Amino acid sequence: MTALLSVTDLSVAIGSKSLVKKVSFDVASGEVLSIVGESGSGKSMTAKALMGLLPHKASATGRAMFDGMDLLAPEVQPPRGTGIGLIFQEPMTALTPVLTIGLQLTEALVSHGICNAGEAQRRAIAMLDRVGIPSPADRMRQYPHELSGGMRQRVVIAMMMLLDPRILIADEPTTALDVTVQAQILDLLREIVTDTQIGLILITHDMGVVAEMADNVLVMKAGKAEEFGPVQRIFAAPEADYTTALLDAVPRIDASTSRKPALAEPLLKAGGINKTFAKRGAIFSKAARYKALDDVSLTMHRGETLALVGESGSGKTTLGRIIARLTEADTGTVTLNDTDLSALYGRELQDKRREVQMIFQDPYASLDPRHTVGRTIAEPMIIHQELSRSERSERVHELLEKVGLNADMAQRYPHEFSGGQRQRIAIARAIAAKPSLVVADEPTSALDVSIQAKVLDLLENLKRSEDLTLLFISHDLAVVRQIADRVAVMRNGRILELGPSAELFAEPRHPYTRALIDVAPVPDPTRKRGKRPVLQGDYPTGPLSEIGPGHWVAA
Amino acid sequence: MWRFLSTRILMGALTIWITTVLVTLLIHAVPGDPVQIMYAQSQGTTPEQIEEVRRSLGLDRPIPVQYAMFMERLVQGDLGNTIRGGQPVLDVIMQRLPNTLVLACAAMFIAVLIGVPIGFLAAYRKGSLTDITLMIIAIAGISMPHFWLGLMLLFYFAVELGWLPVSGNGWLNLVLPALTLGLSNAAIFARLTRSSMIDVMNQDYVQTALAKGLPKALVLRRHVLRAGLLPVVTMMGLQFAFMMGGAIVVENIFSWNGVGRMAVEAIFQRDYPIIQGFILTFSVVVVLVAITIDALYAVLDPRIRRS
């Protein structure tokens, strides 16, 4: 098969700083090439160089032959849109908020002189229909904010496909989406490749997505191509050490688990929790509220890891915050060691807060940039304990070493640390107060896979050494499988299934749990599946009933 | 959108109501007896006359009664009479308010006309010499006090060059005060426009528009400009209030016969009914402008219009 696009020795640099170093690859018609790598690997820069959309002051060298021209030659204007299309990661920001969907779909057709406005309108509606958007004619008059994330990503795909490109570059097109929506978008992209025989360059950090989608894989690290080859070979016999390490770091939803829930005494009981939030802009009307949590109850046992799993809007974060009493529940109680936290106020509450500490998702936002790391970690001790200054600083050093950093880093500021290191600092802060329960809200989802694996190990070790109970909130079933003793699956503010991790993954009893497990990409190219099932129709959301020892399902 | 606007109108009404309370209390905020102070400089005022003025202003009654009286007159469109001259305050203000509004609008027009294109250009050429030069000028413009800029303009264009009249109330007389007020505000708009445009230009949707192969000019005009102007529109509302305030200074420099000049005279003469009327009118204008800006915002931003 002759290549549609043939890239040789592509390099990108800003001044003397090299971002991409001599990368070569080919993409053929009807083929999916995955460029995989962690943050800073240069995968997005590679795409931007091909589109001629590099940031100001960055320059590209090398050759990229497409349709008889070299895209990187200075006199060549890459055929944006008509030759190569580009889809970004974040569907929420990829469409201009102040313009209608219709205008954004048709403007390029008209501007390129492909057809007149009326014909463009007709083609746009047909394409929206093609990418699976219901009542497409109505959508044309809507604005981006009126569509969900998945729908917007379909609109962006339609927008690019309308121009009939030969190559489509998708830069992390599903990373910002929920797993069930991700599955649908990936299915759509695969269909488009089969039907139109375009070449798809799929940039991702997710080995599961690579395994399911790619024909060829380019593994990148720090701007260099580590290896390039067919997907089966890359997964079965990786040549580069980095590829092996990357594959080992990926948590697997199909891994075996020998975790047994600890049968210790209950530590925390949450009962009958309800929480509603006002919808935006609603000041006068009480009706415009939505239920974030709907009569949720759960019990946590000392020493266990309980995972709350769900998609966005499931209420998992709200539940975590209510347990840490960062958010007040409308009704319901949270009892920790027989003390009702929800009834405490003032001084008593502050004393009890020591018991429950939180780790947040984004380590870039959760550390005060103006405090040294030492001060950040010492703060809970200042509030909760009567340690002398020297004892505190000794304890800070001890904590830093415990989370795998050096004691002498206490004097530094957060911006001097990487994302993974920052999350370690946040963990040190959480355990500084000697809590009995730690609520970790998506603690690894902002991190690269190889870093994620290490942070998960750290949490696991600390749980044992510090005698912690862990409430682990995540959207990622593979991660949950690796770390959790018990799992609670949430959707729309309700727990649908709750059970021991091993049983829940082996025999999911609720249709939604099954769907979640089915759609999660598995990093194994030999298991390539057809179109995935979509969860349709009603499913039980009623009160939980016990169907096995400790295994509860909504009836 | 209607809920959004009705909320804003309600808030505006509340603001004006609070102003009426403050305005009633204002007269008592001055230490000592207000009427005594009012007549401190005039010779030969008898205690009987002072008592008469006090009664006519209602100052001999308890404060809640004073407020009720004030509101009762207010709803009938009566702001009282001036102490010097005894004319109805409302007439005095209405006679001069158009002059101030014309000045503020002209200044706003100049500020936006100069500030927004400069900011846009600076954003487009971010980091270049053009950008740096324009922004240095903008900072200089913001730092320049009205009274100084006004006097400088007056000196060069009216005195030295003789192109424009020094003072008066014709259309030509409007040029210098409007420039004084407009130029320093243009600098604020330039800086805001620049940062807002840079923000928008880095958005994925601008990259996406470029990736569709749209010409750069079209992307700037259609995708960047409109989204980038939203904060500028908000700023226009805030700045209008400041311009009304700035008008007080500028009107006095150029002897422009607006409410600002009237207010300064009234303050010197301790003519409380005028001061009260002025503050009230001022707050009504500011609230009306704020509501207009909110409506404009809703037109520009579908996220507000269609919610």
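The values are calculated or read from the model by the stated rules, or taken from the named source; none is laboratory data. Values in this document were obtained by computation on a predicted structure and should not be read as measured data. Note that we place each Cβ from the backbone using ideal geometry, even for glycine, and neighbour counts take in every protein chain shown. Side chains are part of the model used for accessible areas, which takes the heavy atoms of the whole protein and leaves out ligands, DNA and RNA. Shrake-Rupley method; radii C 1.70, N 1.55, O 1.52, S 1.80 Å.
Below 10 angstrom from the Cβ of A:D294, what's the summed charge of the other residues (Lys, Arg +1; Asp, Glu -1)? Net local charge, A:D294 excluded: +2.
How large is the accessible surface per residue of the stretch B:2-79, computed with a 1.4 Å probe and reported in Å² as a whole number? Provide the component values of the computation, followed by the final result.
Values: 5110 Å² over 78 residues.
Counting only protein heavy atoms, the per-residue value for the stretch B:2-79 is 66 Å².
For the chain pair B and A, the buried solvent-accessible surface (1.4 Å probe, both sides summed) amounts to about 2700 Å². Ordering B:F254, B:A178, B:T234 by Cα displacement along the dipole of the stretch B:98-269 toward the positive end leaves B:T234 in first place; charges were set at the Cβ atoms of Lys, Arg (+1) and Asp, Glu (-1). Listed by chain and number, the aspartates and glutamates whose alpha-carbon sits under 13 Å from that of A:K275, ignoring those within fewer than 8 places in the same chain, are A:D294, A:D295, A:E328, A:D330. Springs between Cα atoms under 10 Å define the GNM used for chain B, and in it the highest mean-square fluctuation of B:R125, B:R270, B:R96 occurs at B:R125.
Counting every C-alpha pair in chain B, the share spaced more than 24 angstrom apart comes to 63%.
Using a simple charge model, +1 on the beta-carbon of Lys and Arg, -1 on the beta-carbon of Asp and Glu, nothing else, what dipole does the protein assembly as shown show about its Cα centre, in debye to the nearest 20? List each step's numbers first, then the result.
Numbers: 85 positive and 84 negative charges, 193 e Å.
Charge dipole of the protein assembly as shown: 920 debye, to the nearest 20.
Let me check I've understood the local charge: for A:T100, count other residues with C-beta under 14 angstrom from its C-beta, Lys and Arg +1, Asp and Glu -1. What total comes out?
On the way: positive: A:R139, A:R141, A:R152, B:R222, B:R226, B:R303, B:R305, B:R306; negative: A:E107, A:D138, A:E146, B:D301.
Summing Lys and Arg as +1 and Asp and Glu as -1 gives +4.
Helix B:259-268 and the long axis of chain B differ in direction by around 40°, with both axes built from C-alpha atoms. Along chain A, the longest continuous region that contains none of the trypsin sites (Lys or Arg not before Pro) in a DSSP loop with at most 14 other C-beta atoms within 10 Å is A:371-527. Within the set A:K221/A:K463; B:K126/B:K212; A:K22/A:K454, which residue pairs have Cα atoms separated by over 27 Å? Too far apart for the 27 Å limit: A:K221/A:K463; A:K22/A:K454.
What GluC sites (Glu not before Pro) does the stretch A:1-110 have in DSSP loop regions with at most 12 other beta carbons within 10 Å?
Numbers: sites: A:E31, A:E38, A:E75, A:E107; in loops: A:E31, A:E38, A:E75.
Of the GluC sites (Glu not before Pro), the ones in loops of the stretch A:1-110 whose Cβ has at most 12 other Cβ atoms within 10 Å are A:E75.
Net charge in the neighbourhood of B:L154 (other residues with Cβ under 14 Å of its Cβ; Lys, Arg +1, Asp, Glu -1) is -2. In this view, the solvent-accessible surface of A:Y143, computed with a 1.4 Å probe and all protein chains in place, comes to about 20 Å². In the stretch B:2-79, the portion of solvent-accessible area held by carbon and sulfur atoms comes to 65 percent [1.4 Å probe, whole percent, DNA, RNA and ligands not counted].
Check each of the chymotrypsin sites (Phe, Trp or Tyr not before Pro) in the stretch A:284-359 and keep only those in coil by DSSP with at most 15 other C-beta atoms within 10 angstrom; list them in order. Write out the running numbers ahead of the final one.
Numbers: sites: A:F284, A:Y290, A:Y345; in loops: A:F284, A:Y345.
Passing sites in the stretch A:284-359 are A:F284, A:Y345.
Summary of the geometry: the stretch A:483-516 and the stretch A:353-397, compared by the centres of their Cα atoms, lie 34 Å apart.
Based only on Cα atoms, what mean projected area does the convex hull of chain A have, in nm²?
On the way: hull surface 113.0 nm².
Average projection, Cα convex hull of chain A: 28.2 nm².
One Cα centroid belongs to the stretch A:77-146, the other to the stretch B:82-105; the line between them spans 55 Å. Computed from the Cα positions only, the extents of the stretch B:98-269 along the three principal axes stand at 65, 30, 25 Å, in decreasing order. For the stretch B:2-79, the alpha-carbon coordinates run over 59, 23, 20 Å along the three principal axes, in decreasing order. For chain A, the share of DSSP beta bridges that are antiparallel, to the nearest 5, is 60%.
Computed with every protein chain present, the accessible area of B:W17 is close to 130 Å² [probe 1.4 Å]. The stretch A:160-221 and the stretch B:120-137 have Cα centres separated by 40 Å. Rolling a 1.4 Å probe across all protein chains gives A:S393 an accessible area of roughly 50 Å².
Angle of helix B:47-56 to the longest C-alpha principal axis of chain B, folded into 0 to 90 degrees and rounded to 10: 50°. The chymotrypsin sites (Phe, Trp or Tyr not before Pro) found in the stretch B:98-202 that occupy coil by DSSP, while having at most 16 further C-beta atoms within 10 Å, are B:W163.
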